[in-house]
Amino acid sequence: MRTVGGTFKLVAAAGLCLTLACTGADQGGYAEDWPAWRGPQQDGTSTETGLVSSWTPGGENMIWKADFIGRSTPVVVDGRVCVIGRVGEEIDRQERVACFDAENGDLLWEDRFNVYHTTVPFNRVGWASLAADPATGNIYAHGVSGQMIGYAPDGKRLWSRFMGDELGHYSGYGGRTQTPLVVDDLMIISFISVGWGDLGRLSHRYYAMDKMTGEIVWVATPGGMAFDFNTQSTPVAAVIDGRKMLVTGSGDGWIYGLRLETGEKVWGFQLSKRGLNSTVLVHGNRVFASHSEENLDATTQGRLVCFEAKGEGDITKTAEVWRNDEVFAGFPSPAYHDGVLYLSDNSANLHALDAETGTEKWEYSLGTVGKASVVVADGKIYATEVNGRFHILELGRDGVESLDMDELKVEDGRYAEIYSSPAVAYGRVFFATEGGLYALGDSTRPLNNGPLRAAEAPAPGQGEADWLQVVPAIAVATPGRPIHFTVRALDGERQPVASPDLTWSLDGLDGTVSPEGVYTPGDGGGPRTGTVKVSAGGVEAKAWVRVLPVAPWSLDFESMETGIVPPTWVRAGRSFKVAERDGGKVLHQAPSARGIDRRTAFIGRPDASGYTIQADVFSSQKGRRRADLGLINSGYILDLQGAHQKVQIRSTSADLRMSQETKFTWDMDTWYVMKLRVETSGKTAQVRGKIWKRGEEEPGDWTLTAEDPHPVTYGSPGVVGHARADAYWDNIQVTVNN
């Protein structure tokens, strides 16, 4: 494996830097990596020279092509080109992360994993780009259904989290998935979520995780309720007015400036009535952002704005420098070069605008559908268009001249879809398509590679601790088993300082916490929530903790107040509440007043495995409407469907990869018992479901059985309901298999 190195800096106007990517100034002659989807400077540009001006598919200046189906932008680091996409047919369909040798395209490693608990269709799998850490060579992936995985350079998993059943990650049909970002020692990811406790509101949240362990360092909820569940705007790291910042578009239509070290909201700028998808561009203290949704102050849709990223609070009315309402760019992000913005709109028209005034200089048609963002490098623009077109344009004073345009196709003669933006590194241009991963360049020019270099350590703070962080900030604990918390101390400038003398305490939790931050929950009691707190010198911080038992355990709702959502449940929102029925307390899901009626709640440990879940279920009938009710075991669902009078086993609703179903006639306004067991043996999982009327003897045979050659080996138990009519659950039991 070849390595490429450099000093990894993002230089800002204030003269400070963030450890993000290598720049050309300090490389000792080495070429630069492309560690983030918008490049080393996060502005869609590269300092590389000697890049190709033309090429022929399968011929001149195509160095290699790898067998890969991708739709996102590759990252290039440490001599590797890494990309996420989809692979397989029928029951073998999976998401795939792979790294290839940048010199010859040889596959170095790959990791395949299942897509489940999502409505994203298979052709949209692999939506978010990967993120790379130039200081370590690690790779980070965000899968469409909420998997977050950190990989070592050799492909071994450093850590993995499924953020759906742990944090309430929403993964909707649109498929839009946020790309992670690595800065300093943090891996930052955002998504729409409904968690538990203080995180139970439907909002767009930002999670900063320790890049080596995956532990959550901070979580931020800067805005209100998310308007759109499917958004893909990626945070940008910058130094603005001497402060390390994250600047990001949100699902509520706002752009927020957050402190990088803590997630504190500094300011907000409202751009749209709906969620934002394009990634902003930061140059100096100015932010450039676009959208194609409804404007706030006009009946038109779409706008490109420039505003000063200064001040605090709501800066919408005070910070704007200029606007251009003629640019309709909801997905592509701009590139900045030599005072000019280059931005493709939704119809694949490339616009060049004066960055100082917003005045359009020229326009050029790239095709018909614009999703990808252009890259400026070596006096040229590299651009893709969804319908298989790859453009190389020469930049001129008053416009561009086409140097080369190729139309790529797949085997059946269709145009190969291209959603990927180009990535430029080592004198080569890389991009992913539906029909393969390409490397363009001069094959006689060797890779200009060198060793990785360690990232610069953050400057130590000078003052006393003004901010504390408890890590992990969100945790799951087990009765009687200790969990160790650590503390990060920061001064008023948010620089690290030595930890002061700490005082630990518990709020809403039983058990003990030691002076060293070791929390041990009590052995008794059922599921419960609370916080572990730490304080020093008037500064306080806390970690949110769920205490969840291991199997066997049961829940009958009798000890809970009516009208509440079970406090430890994830993604329940306000859909599942305790109610009274038939002389006792049950769980109730009512039809939604607006929006969709299908809801999911995860109710146990996200690392549970080898168990069976059982519950009583009941559906009323409203006119001709009947509910669907189901149980979740790991990544599998047993769904009793009222309207269709059948029962189904599946792992994902959009792609019935391993599903099985059978007719099952059942009565409304009648209690039934459902049981779902998942047993993994060798390389397969046996998923079995059983249903019978409550009060009758349990049948010996399973109602339905499915086999999965790509087993999901662990995951939270849960309930799923499609409440076209009132739906109820009771007497939930989770037991250990055999």
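Read the figures in this text as sums done on the coordinates, not as results from a lab. In this text, all values refer to a predicted model and were calculated from it rather than measured experimentally. For neighbour counting, all protein chains shown are included, and Cβ atoms are generated from backbone atoms with ideal geometry for every residue, glycine included.
Points to keep in mind about this one:
- Residues Cys82, Cys99, ranked from the fewest to the most other C-beta atoms within 10 Å, line up as Cys99, Cys82.
- Per-residue ellipticity at 222 nm computed for the chain from its helices equals 0 deg cm²/dmol, with DSSP H segments shorter than 4 residues left out and the rest contributing -39,500 (n - 2.57).
- Fewest-first sequence of Val183, Val712 by Cβ atoms within 10 Å of each Cβ: Val712, Val183
- The GluC sites (Glu not before Pro) found in region 375-471 that occupy coil by DSSP, while having at most 11 further C-beta atoms within 10 Å, are Glu411.
- Neighbour-count ranking [beta-carbon atoms within 10 angstrom, fewest first] of Ser365, Ser716, Ser554, Ser290: Ser365, Ser554, Ser716, Ser290
- Cα gyration tensor shape of region 216-287, rounded if a/c is under 1.5, else prolate or oblate by comparing a/b with b/c: oblate
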